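Working notes, structure below.
The values are calculated or read from the model by the stated rules, or taken from the named source; none is laboratory data. Everything numeric here is computed off the predicted structure, so don't read it as measured data. Cβ placement follows ideal geometry from the backbone for every residue including glycine, while neighbour counts extend to all protein chains displayed.
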């Protein structure tokens, strides 16, 4: 039973004030006592923190509660039970745009999730939920483009024009706004409605940050990784007068198109790993690395050094005596093996053996087989390696005469 009313700022926030994680809306039995009156809801929309379990009402929830407090007072009773019919009647409210298909959504979301209600006149910001595979068409059809500006905020393009924005919540559900869906052509709506699912009342994501709080979310991990790579390349150019990476048109396209896999199977992880391999291994400047190694130690037989990663490791060993080069290049070896297991047909025994090699390089338990866990660890370790290497490269300040 709940006796304490929450602060106004907590009712208006989708994040738990204590844990700073996204709360979700849960339709549940809820009993509360205010002004000596007990209100017992059979079903009521309550904000719940998945981490600490703390429950509270949104601003709309508090307003609805006050109505029943006043009703109890008018009936001169200190206890009132609110039946399921209250929520059923509330959720019967529907918005329908002329020319739009009837997507499945929950009206309660737009009323009881903080931040949505002030926009919900006319059904503007009603979240509509879809299976993650709804995005596959826009990944595979060449007339469309899919771009992630952050880990859970994306945009679908048709040609050069943005078609619609979307979010991905922690349950791997895709979210569109109803007001954006109805603007699409009927053929697009027919495709989307085939993957439409019931609301899980959980919209916490970078999509929410950008579209409701009007704040630019953190770039995706992939974009951040390319930022660290560019910074390192720039430092190499300034300090050693050569670029570690040779970035041509193909690389620029790969940087633009690289996205985190949306379905975690071999088929969909493969394309992202191929792009990462192109950017981080195939683009290593082998010829200049060989030249720089010869400058540092002319006695080294370059024919004995196989591959660009080994060339980089040799150069690091010669240039930075105290640096653990093996740690720096370990994620690159992992990426190379990761790409190989997708590029060549391998039996289950060999596949599992190579996965163990990757996990060892990434400091993961060797029995890890979850591709999402391995991929996310790879991105993290590559970023850390570039950051560490950037820090040891000191740019000489020019001396003014």
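Data overview
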{"item": "Any hit, region 377-399, residues being in a helix (DSSP H, G or I) and over 23 Å from residue 245 (Cα atoms)", "result": "no"}
{"item": "Filter pass, residue 207 being part of a helix (DSSP H, G or I) and closer than 30 Å to residue 110 by Cα", "result": "yes"}
{"item": "Single residue of region 116-140 satisfying the filter (over 12 Å from residue 177 (Cα atoms) and at pLDDT 90 or above) that is surrounded by the fewest Cβ atoms within 10 Å (Cβ to Cβ)", "result": "133"}
{"item": "Which listed residue, of 306, 297, is within 23 Å of residue 394 (Cα to Cα), at pLDDT 90 or above and surrounded by fewer than 17 Cβ atoms within 10 Å (Cβ to Cβ)", "result": "297"}
{"item": "Residue 139 outside the structural domain of residue 262 (by TED's automatic domain parsing), outside any loop (DSSP other than H, G, I, E, B), touching a strand residue (DSSP E or B) at 6+ places or on another chain (Cβ under 7 Å) and closer than 17 Å to residue 32 by Cβ", "result": "no"}
{"item": "Residue ID - nearest to residue 197 (Cα to Cα), chosen from residues in region 73-100 that are touching a strand residue (DSSP E or B) at 6+ places or on another chain (Cβ under 9 Å) and not in a helix (DSSP H, G or I)", "result": "83"}
{"item": "Of all residues making up region 281-307, the number that are in contact with a helix residue (DSSP H, G or I) (Cβ under 9 Å, 6 or more places away or on another chain) and not in a helix (DSSP H, G or I)", "result": "7"}
{"item": "Residue check for residue 178: in contact with a strand residue (DSSP E or B) (Cβ under 8 Å, 6 or more places away or on another chain) and at pLDDT below 95", "result": "yes"}
{"item": "Filter result (modelled with pLDDT of 95 or more and crowded, with 19+ Cβ neighbours inside 10 Å) within region 23-40", "result": "23, 24, 25"}
{"item": "Residue within region 86-96 that is over 25 Å from residue 202 (Cβ atoms) and in contact with a helix residue (DSSP H, G or I) (Cβ under 7 Å, 6 or more places away or on another chain) present", "result": "no"}
{"item": "Qualifying residue in region 193-204 (condition: in contact (Cβ under 8 Å) with a residue 60 or more places away in the chain, more than 18 Å from residue 104 (Cα to Cα), in a loop (DSSP other than H, G, I, E, B) and not assigned by TED's automatic domain parsing to the domain that holds residue 27)", "result": "yes"}
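Let's see how each residue does on (1) at negative phi; (2) in the same structural domain as residue 261 (by TED's automatic domain parsing); (3) surrounded by 20 or more Cβ atoms within 10 Å (Cβ to Cβ); (4) outside any loop (DSSP other than H, G, I, E, B):
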{"residue": "332", "(1), (2), (3), (4)": "yes, yes, yes, yes"}
{"residue": "353", "(1), (2), (3), (4)": "yes, yes, no, yes"}
{"residue": "357", "(1), (2), (3), (4)": "yes, yes, no, yes"}
{"residue": "364", "(1), (2), (3), (4)": "yes, yes, no, no"}
{"residue": "369", "(1), (2), (3), (4)": "yes, yes, no, no"}
